[in-house]
2 protein chains.
Amino acid sequence: MIKVAIDAMGGDFAPKEQIKGTIEALKNDKELFAVLCGDEELLKKELAAYTYDTSRVEIVHAPEVIGNDEIPTKAVRTKKDSSTVTAFRLLKEGKADAVVSSGATGAVLTAGVLTLGRIKGVSRPALCPRIPDFSGRGTLLCDCGANLECKSVNLVHFALMASAYAEAVYGWKNAKVGLLNNGTEDHKGDEMHREANELLKRTAGINYVGNVEGRDIMFGDVDVVVSDGYTGNIALKSIEGCGKAISGILKREFKKNLFAKIRALTVMDVIKSVKKSADYETMGGAVFLGLTKPVIKAHGNSKAFGFSVCIAQAAGAVRGGLTEKISALLEKNAENGESAAEEAGAAEESKA
Amino acid sequence: MIKVAIDAMGGDFAPKEQIKGTIEALKNDKELFAVLCGDEELLKKELAAYTYDTSRVEIVHAPEVIGNDEIPTKAVRTKKDSSTVTAFRLLKEGKADAVVSSGATGAVLTAGVLTLGRIKGVSRPALCPRIPDFSGRGTLLCDCGANLECKSVNLVHFALMASAYAEAVYGWKNAKVGLLNNGTEDHKGDEMHREANELLKRTAGINYVGNVEGRDIMFGDVDVVVSDGYTGNIALKSIEGCGKAISGILKREFKKNLFAKIRALTVMDVIKSVKKSADYETMGGAVFLGLTKPVIKAHGNSKAFGFSVCIAQAAGAVRGGLTEKISALLEKNAENGESAAEEAGAAEESKA
């Protein structure tokens, strides 16, 4: 049985969509056990609408909710009975194997670090979503916002963690890793990015292919794109806006007159298929890599389908031994005489 | 008569598409005079295919070409007879009013700065493309790659220059300006971005609305997005890749079987209209803001239509008094007691 602690109160459509998504996930995975964290009365009311295997659902009463506008560190420390903090506590106590939350990102990151702690050797945990791409497989982007300012050694860890994740959850062996930069040549980028590029070339255990550009995230030949959190965040949201704009234009053009509207109906299956190919909900949530247990951050506006994919992703991380694989890869890298990350760490320390 | 010096040899499809584009531009604008820089024999051969007003076309022989892989400063200094350097020389000598080039970006930027010099008060010239967006109007993104590492005062100048450009060329009065950041709140971003946000709030002569996110470039309520060149480059290329991926998926889905192919034909006009709305070629090239004369950098893979839009854009910059408007706005800002840019400049100097 794989126990996933679910923050049922976080997100724009909580708890309704979170409960519906949980029921879907339970149907799809017979080994799944859902630990729902949230207001018991409210959750019971929502659950009452469904027929499901009650022996695989548990409610842990957590009446408080952390809002998007709260200061994460303060909220996590003071709202011990919030659905978010409760989910992490259960994970910490071994009463669950993974957490899924569509709550406030800052609160999820803070609760994750404070409650679970980092895997040995990880300098900075990082957020890693899977971006839909032309191939249909998706591209992992790590980091996309947990670490605004990074040192080159952090990017090496992102590459190691995302490579381990690619194999553990998606079965991508020897995933191709690129460094997000303003050009593919070695001299591109500022000092930190040039240093990261050199370190990554010498990092054992990953399949580094060099610098990549923004366009390679959705149309490239790489599986993992490594970035500082600031740049990754800008890239992610720029892509999101572009997808939304094109989808909006498509809708507008197909609605501009009756003749277009009628013809839209005749190609609806094709349009739906295009939308599905570009839909980030099919890709799951962002995994928070580097913590001692698997944590999935679902999009704040997740609907049931997207949330159910995140739960399946969490179960996949447990089954695939995500955190163990990250530990092993970091250790292998550290053992290697050429260990780039260690080297950079030592260099940093000697500077201090 | 508006004389545009055209680098006819730069770009993936030069000189064929450059010549075709020039002929189109001449047809659309009776006041336009084209000064074609390139290999005379080659250009004459290309021109022979068209009927046009020969009194509005001049060829200046420039047999050398600067490749994409050459070191810009070296190429610009040594290849005096290249089409790119020749176009800038003519502009400098007053034999042309603007330059359009789809040549190597580095060479265009270097030739621009070395030959023309900066407008008084401009700390760093910047590249500013117009990104297609949902509204159809487009959003100006400044800088998108000329300045990798920026100080906050540079971003203030980008805002002033892009605002002047918005009004001079597109007639957007009081253009809304946003600062590209990883969130809209004032505390977002690193120290430089937080400082830029505060400076921009106090900058006279612009309509600053605060921080914006990557998704606001194509789906926001701003006319100008200001960014350091590194981040702007990542955003631009991420958007480019997203557009290409969605366009590719659309094509794939409409070609997946005979039934889909037949239906694709019935909605071809709608699809074309969508493509046109999202097509960067309709938006022209990136203007290189801050130089003493208007310079348009066309995309390296420009076809005739896109190149003709760039020529029209160059003529628009001359007609709209782009460089004069930038000068005036910078002066107005400097005169203002609250001048944020001056303040930052002084602070920087006192630190040094």
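The values are calculated or read from the model by the stated rules, or taken from the named source; none is laboratory data. Computed from a prediction, not measured in an experiment: that's the story for all the values here. Counting neighbours? That spans all protein chains shown, and the Cβs are built from the backbone with ideal geometry, glycine included. The protein model used for the area step is the full one, side chains on, heavy atoms only, and it has no ligands, DNA or RNA in it. Shrake-Rupley method; radii C 1.70, N 1.55, O 1.52, S 1.80 Å.
Listing for the model above:
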{"quantity": "Out of B:Val318, B:Val295, B:Val267, B:Val287, sole residue that is facing chain A (nearest Cβ under 10 Å) and surrounded by 19 or more Cβ atoms within 10 Å (Cβ to Cβ)", "calculated": "B:Val267"}
{"quantity": "Inter-residue pairs, beta-carbon under 6 Å, first at the interface with chain B (Cβ under 7 Å from one of its Cβ atoms) and in segment A:233-257, second assigned to a helix (DSSP H, G or I) and of a type in the set (S, T, N, Q), 6+ apart", "calculated": "A:Ile234/B:Thr231; A:Ala235/B:Ser238; A:Ser238/B:Ser238; A:Ile239/B:Ser238; A:Ile249/B:Ser277; A:Glu253/B:Ser273"}
{"quantity": "Qualifying residue in segment A:317-327 (condition: under 30 Å from B:Val267 (Cβ atoms) and either modelled with pLDDT of 95 or more or part of a helix (DSSP H, G or I) (or both))", "calculated": "no"}
{"quantity": "Which listed residue, of B:Ala204, B:Ala164, is within 22 Å of B:Ala328 (Cβ to Cβ), of a type in the set (A, V, I, L, M, F, W, C) and in contact with a Lys or Arg (Cβ under 6 Å, 6 or more places away or on another chain)", "calculated": "B:Ala164"}
{"quantity": "Qualifying residue in segment A:180-187 (condition: part of a loop (DSSP other than H, G, I, E, B) and free of Cβ contacts under 8 Å to residues at least 24 places away in the same chain)", "calculated": "yes"}
{"quantity": "Residue, most open to solvent (accessible area, probe 1.4 Å), within segment B:197-223, restricted to residues that are among the hydrophobic types (A, V, I, L, M, F, W, C) and within 14 Å of chain A (Cβ to nearest Cβ)", "calculated": "B:Phe219"}
{"quantity": "Candidates A:Leu155, A:Leu114, A:Leu141, A:Leu160, filtered to the one that is part of a strand (DSSP E or B), in contact with a Ser or Thr (Cβ under 9 Å, 6 or more places away or on another chain) and either β-branched (Val, Ile, Thr) or within 28 Å of B:Gly189 (Cβ to Cβ) (or both)", "calculated": "A:Leu141"}
{"quantity": "Residue tally, condition closer than 24 Å to B:Asp133 by Cβ, of a type in the set (Lys, Arg) and assigned to a helix (DSSP H, G or I), over segment A:199-239", "calculated": "1"}
{"quantity": "Selection within segment B:45-57 - surrounded by fewer than 14 Cβ atoms within 10 Å (Cβ to Cβ), of a type outside the set (Ser, Thr, Tyr) and part of a helix (DSSP H, G or I)", "calculated": "B:Lys45"}
{"quantity": "Residue that is nearest to the other protein chains (Cβ to nearest Cβ) [pool: residues in segment B:148-163 that are open to solvent by less than 10 Å² (accessible area, probe 1.4 Å) and within 14 Å of the chain's Cα centre (by Cα)]", "calculated": "B:Phe158"}
{"quantity": "Any hit, segment A:119-129, residues being within 12 Å of another protein chain (Cβ to nearest Cβ) and open to solvent by 40 Å² or more (accessible area, probe 1.4 Å)", "calculated": "no"}
{"quantity": "Criterion violated by A:Cys144 - all others in (1) within 14 Å of another protein chain (Cβ to nearest Cβ); (2) at pLDDT 95 or above; (3) surrounded by fewer than 24 Cβ atoms within 10 Å (Cβ to Cβ) satisfied", "calculated": "(3)"}
{"quantity": "Residue check for B:Gly229: under 19 Å from A:Gly232 (Cα atoms) and either at the interface with chain A (Cβ under 7 Å from one of its Cβ atoms) or not aliphatic (A, V, I, L, M) (or both)", "calculated": "yes"}
{"quantity": "Hits in segment A:6-44 (condition: within 20 Å of the chain's Cα centre (by Cα) and either assigned to a loop (DSSP other than H, G, I, E, B) or at pLDDT below 95 (or both))", "calculated": "A:Ala8, A:Met9, A:Gly10, A:Gly11, A:Asp12, A:Phe13, A:Ala14"}
{"quantity": "Qualifying residue in segment B:176-196 (condition: in contact with a Lys or Arg (Cβ under 7 Å, 6 or more places away or on another chain), buried (at least 19 other Cβ atoms within 10 Å of the Cβ) and within 14 Å of chain A (Cβ to nearest Cβ))", "calculated": "yes"}
{"quantity": "Some residue of segment B:58-73 being open to solvent by less than 60 Å² (accessible area, probe 1.4 Å), within 14 Å of chain A (Cβ to nearest Cβ) and touching a strand residue (DSSP E or B) at 6+ places or on another chain (Cβ under 9 Å)", "calculated": "no"}
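A quick yes/no check of all residues on (1) of a type in the set (A, V, I, L, M); (2) touching a residue at least 40 places away in the same chain (Cβ under 8 Å):
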residue	(1), (2)
A:Ala264	yes, no
A:Met268	yes, no
A:Lys276	no, no
A:Thr292	no, yes
A:Lys297	no, yes
A:Ser302	no, yes
A:Ile311	yes, yes
A:Glu331	no, yes
A:Ala334	yes, yes
